[in-house]
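Report on the following structure.
The values are calculated or read from the model by the stated rules, or taken from the named source; none is laboratory data. Please read all numbers here as calculations on a predicted model, not as lab measurements. Quick reminder, even Gly has a Cβ in these numbers, built from the backbone with ideal geometry, and neighbours come from all protein chains shown. For accessibility, only protein heavy atoms count, side chains too; no ligands or nucleic acids. Shrake-Rupley method; radii C 1.70, N 1.55, O 1.52, S 1.80 Å.
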Amino acid sequence: MQAGRPGHIFACTSKTERECFDRMLFAAGRLYGDRVLAVKKGDPLFLLNLDADVIHGAFAARSDGKKDIEPRAWGGRYPYQVSVAKNGSVHSAKNAKKMLAKMGLSWRNELPPEAATALLSYIKNPNGKVASFKKQEEKPSFESTTLWDYPRQSYGKTPKGDNKYAGVTPAFAIYNMVWRYTEPGDLVLDPMAGSGTTLDVCKEEGRKCMAFDIAPPRQDVKQNDARAIPLADESVDMVFIDSPYGDNIDYNDHPGNIGTLSAESEEFYDELEKVMAECKRVMKPGKAIGWVIGDQWVKKKFTPVGFMVYERLARHFEPVDVICLARRGQSSNTNIWRSRALRFNFYLRGFKYLFIMRKPDGSVPASRKNVSWTQYRR
């Protein structure tokens, strides 16, 4: 193993392992594409079979991580790939997940050079002493359910947006959207960028980003009204927008600020629908938009802002899914407000919606004729 090089662990299943070895090619899908693109020629590599809980190593990268080295491999399901070669004798060790946890390592993260060396030593001699490393800060996890709950607003070594900005968006949510619905180099639009969280996420994840706001708080967020986006038709690969939820936050005193309109008025939804129409115009067919919105309860009156925004979105886009974003940082998340909610019999806002929609591309929806539901006895 070449000293001083960071290591990388690739994951496979019992079904895909054979093809990895036959082709001498390790790969991942879009969600882990950033990990593959970080691989450089000569880096030590390992292969973890998640089904068998066995890790193999070490190998060496014969190429940098790229997209579609062999486009037909695994039926095209894993386009981010790296060519590999045996790095001496290949060894295998069982109980890999437990061992990685004991070492403080994650297969999802790049391994520091000393950790890669220690991992190979363990694989060669599983009965030997297990080295332990300070746990590395992980990239955000990819969500597999429709409930997204984040312990903090940002991630990584650099801040994403400003966590003191009113209504700041969780960077984790944008990260998940970016890696699910775009490729590196794609253009992401945030027409109501606020403190620039989308811009910061895109910079770190290798996406281009156009960020606008009617009263931008930083120079790289351009001044513009979201109802007239200065981009060409069908030029954008994804839109992310965290719009005002009504007049509950005093964002700025710009006369065109939609956040001065009450969510109890039709005018509020009419103006947001103009933003939706502009987003649709600049989006490429088939591309995704993520829209964050929350409901309102004020002066003993509940307004289902989310449902009303969804109804407007559905006029322009096809639904993909509805996500619940847990709210942790709002000012009402205190003991005194929880006490008031119980005393006066009302509910604090516990989540926001993230509506994921897609611009129609003219394709015909898949047939449901072959759907087989599992039936349970009552």
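Taking all protein chains as they are arranged and a probe of 1.4 Å, the heavy atoms of residue 253 leave approximately 140 Å² accessible to solvent. Based on Cα contacts under 8 Å between residues 6+ apart, the chain shows a relative contact order of 11 percent. Out of these labelled values of P(r) over Cα pairs in 10 Å bins from 0, in percent, (1) 5, 19, 27, 23, 13, 8, 4, 1, 0; (2) 5, 20, 26, 21, 17, 9, 2, 0; (3) 5, 23, 31, 25, 12, 3, 0, which was calculated from the coordinates shown here? Computing P(r) over Cα pairs in 10 Å bins from 0, in percent and matching it to (1) 5, 19, 27, 23, 13, 8, 4, 1, 0; (2) 5, 20, 26, 21, 17, 9, 2, 0; (3) 5, 23, 31, 25, 12, 3, 0 gives (2). Using the Cβ-Cβ distance between residue 375 and residue 102 with R0 set to 51 Å, the FRET efficiency from 1/(1 + (r/R0)^6) comes to roughly 0.75.
When the Cα convex hull of region 264-339 is projected onto planes of every orientation, the mean area is 6.5 nm². Cross-link reach is defined here as a Cα-Cα straight distance under 17 Å, omitting same-chain residues fewer than 8 places apart; for residue 86 the aspartates and glutamates meeting it are 17, 19, 22, 43, 64. Split the accessible area of region 242-354 by element, probe 1.4 Å, and carbon with sulfur accounts for 53%. For residue 222, list the aspartates and glutamates whose Cα falls under 15 Å from its own Cα; do not include residues on the same chain fewer than 8 positions away. Qualifying aspartates and glutamates at Cα under 15 Å: 190, 200, 213.
Annotation for residue 152 and residue 349: the two label points, set 7 Å from Cα along the Cα-Cβ direction, are 2.4 nm apart. Among the GluC sites (Glu not before Pro) in region 127-187, those located in a DSSP loop and surrounded by at most 13 other Cβ atoms within 10 Å of their own Cβ are 137, 138. For a paramagnetic label modelled on residue 260 (point 7 Å from Cα along Cα→Cβ), amide N atoms under 16 Å away belong, within region 194-214, to 214.
What is the magnitude of the charge dipole of region 156-264 about its Cα centre, with +1 placed on the Cβ of each Lys and Arg, -1 on the Cβ of each Asp and Glu, and no other charges, expressed in debye to the nearest 20?
Magnitude of the dipole: close to 380 debye.
The value of relative contact order for region 1-106, using C-alpha pairs under 8 Å at least six residues apart, is 29 percent.
The equivalent ellipsoid of region 1-119 has semi-axes of 20, 16, 13 Å, largest first, where each one is the square root of 5 times an eigenvalue of the Cα gyration tensor.
Note on exposure: 317, 344 ranked by accessible area (1.4 Å probe, complete protein assembly) read 344, 317, with the most exposed listed first. A simple packing score, the average count of other Cβ atoms within 10 Å per residue, orders the peptides 270-277, 73-80, 286-293 as 286-293, 270-277, 73-80, with the highest score first.
Where only DSSP H runs of four or more residues are counted, the chain gives -6500 deg cm²/dmol as its mean residue ellipticity at 222 nm, each run worth -39500 (n - 2.57).
Provide the per residue accessible area, probe 1.4 Å, for the chain, rounded to a whole number of square angstrom.
On a per-residue basis, 53 Å².
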